[in-house]
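One structure is given here, and the rest of the page talks about it.
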Amino acid sequence: MTDLKLGYIGLGNMGAPMAKRLVDWPGGVTVFDVRAEAMTPLAEAGATLADSVADVAAADVISVTVLNDEQVREVVGELAAHAKPGTVIAIHSTISDTTAVELARDLKPQGIHVVDAPVSGGGGAAEKGELATMVGAEREVYERIKPAFKQWASLVIHAGEPGAGTRMKLARNMLTFTGYAAACEAMKLAEASGLDLQQLGRVVRHTDALTGGPGAIMVREDMKPLTPDHWLYDAFTHTRGLGEKDLSLALSLGAATGVDLPLAEVALQRLATGLGVPHSNEEE
């Protein structure tokens with residue numbers, strides 16, 4: 001596996017630190033970006049510079065981190081025109097869930113494997129090699145590329161066939177940004193209640209680090225209602241009770257301070273069913 005030649009296209013905020021983690025790879029890494037200045041630090045670190053996208057096509061595993069679907073299609077198309085059978089093109093950009101599926105289908109007759117492998121964790125995690133990577137690929141292809149991905153990711157997940165990695169990333173990011181909206185709602189409530197928002201932020205960050213935040217409840221195998229003998233039933237019933245009490249109290253505080261809390265209202269309505277422990281009247 002370490003004899004594989006690696007390529008990297010797109011050296012932005014995420015691509016640059018990810019590519020830099022590959023410079024000591026035994027088979028070497030060739031990099032390209034339309035901005036020459038973005039390649040200079042990689043050259044200084046030991047990467048080989050390419051003059052064009054086509055020049056990277058000689059690599060065995062090529063990572064692509066560009067801005068959007070249009071750029072992904074353009075880059076993959078140019079690579080496919082020059083790549084040999086067996087080449088793996090890994091898309092790390094967050095794009096439409098159908099793009100990788102279509103590209104993988106179209107290039108399969110050429111023996112080129114297109115996989116989607118979006119990442120999560122930010123540039124800081126990339127520099128430390130601590131990203132999470134969600135890979136949509138055939139199992140054999142996944143096993144082949146995993147050692148290279150482990151250079152910049154401490155968690156590499158096989159999400160399924162091409163397209164599955166992107167779907168997992170979209171679900172993950174939906175939680176992130178819905179959480180941001182809920183955080184803004186909580187800050188409005190805190191501000192109207194005369195609280196220091198900086199101090200609230202400190203409390204949230206501290207306690208989320210201890211409890212795991214929303215990820216702590218993401219341990220089920222499916223989203224069916226839990227039966228009383230399920231190992232999570234008692235814990236989630238307890239969580240339901242605490243959540244409904246606290247959400248009701250927060251909504252009462254919102255009413256008293258004149259703050260509209262639509263996300264909290266939805267959470268109160270849907271918490272029990274979402275946890276898999278609906279009330280008896282919800283099951284009917």
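The values are calculated or read from the model by the stated rules, or taken from the named source; none is laboratory data. Worth saying up front: this structure is predicted, and the values here are computed from it rather than measured. FYI the Cβ positions are ideal-geometry reconstructions off the backbone, even for glycines, and counts take in every protein chain you see. Each accessible area value is taken on the protein alone, full model and side chains, heavy atoms only, with ligands, DNA and RNA left out. Shrake-Rupley method; radii C 1.70, N 1.55, O 1.52, S 1.80 Å.
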Exercise for review: Out of the residues in the stretch 175-209 that are acidic (Asp, Glu) and under 28 Å from the mean Cα position of the chain (by Cα), state the one that is farthest from GLU265 (Cα to Cα).
Suggested key: ASP208
Check your understanding: Taking the condition among the acidic types (Asp, Glu), touching a Leu at 6+ places or on another chain (Cβ under 8 Å) and open to solvent by less than 40 Å² (accessible area, probe 1.4 Å), does GLU185 pass?
Key -> yes
Study note, to complete from the structure: Result of the Cβ filter at 7 Å on the stretch 166-191, keeping first residues that are in a helix (DSSP H, G or I) and partners that are exposed (fewer than 14 other Cβ atoms within 10 Å of the Cβ) and of a type in the set (A, V, I, L, M, F, W, C), at least 6 apart or interchain, is MET187/LEU197; ALA190/LEU197; GLU191/LEU197
Check your understanding: Within the stretch 36-43, is even one residue assigned to a loop (DSSP other than H, G, I, E, B) and touching a residue at least 12 places away in the same chain (Cβ under 8 Å)?
Key -> no
Review point. Can you find a residue in the stretch 204-221 that is touching a residue at least 40 places away in the same chain (Cβ under 8 Å), outside any loop (DSSP other than H, G, I, E, B) and under 30 Å from VAL72 (Cα atoms)?
Key: no
Review point. Which of (1) touching a Ser or Thr at 6+ places or on another chain (Cβ under 9 Å); (2) open to solvent by less than 30 Å² (accessible area, probe 1.4 Å); (3) of a type in the set (Ser, Thr, Tyr) is the odd one out, the single condition THR30 does not satisfy?
Key: (2)
Review point. Of the residues that make up the stretch 274-282, is at least one surrounded by 14 or more Cβ atoms within 10 Å (Cβ to Cβ), assigned to a loop (DSSP other than H, G, I, E, B), within 28 Å of the chain's Cα centre (by Cα) and not aliphatic (A, V, I, L, M)?
Key: yes
Exercise for review: Among residues belonging to the stretch 230-268 that are outside any helix (DSSP H, G or I) and in contact (Cβ under 8 Å) with a residue 60 or more places away in the chain, point out the one that is least open to solvent (accessible area, probe 1.4 Å).
Suggested key: LEU261
Point to revise | Yes/no for LEU22 being open to solvent by less than 20 Å² (accessible area, probe 1.4 Å) and out of contact with any Lys or Arg (no Cβ under 6 Å at 6 or more places or on another chain) | key: yes
Check your understanding: From the set of residues in the stretch 1-11 that are at pLDDT 95 or above and not in a strand (DSSP E or B), which is most open to solvent (accessible area, probe 1.4 Å)?
Key -> LYS5
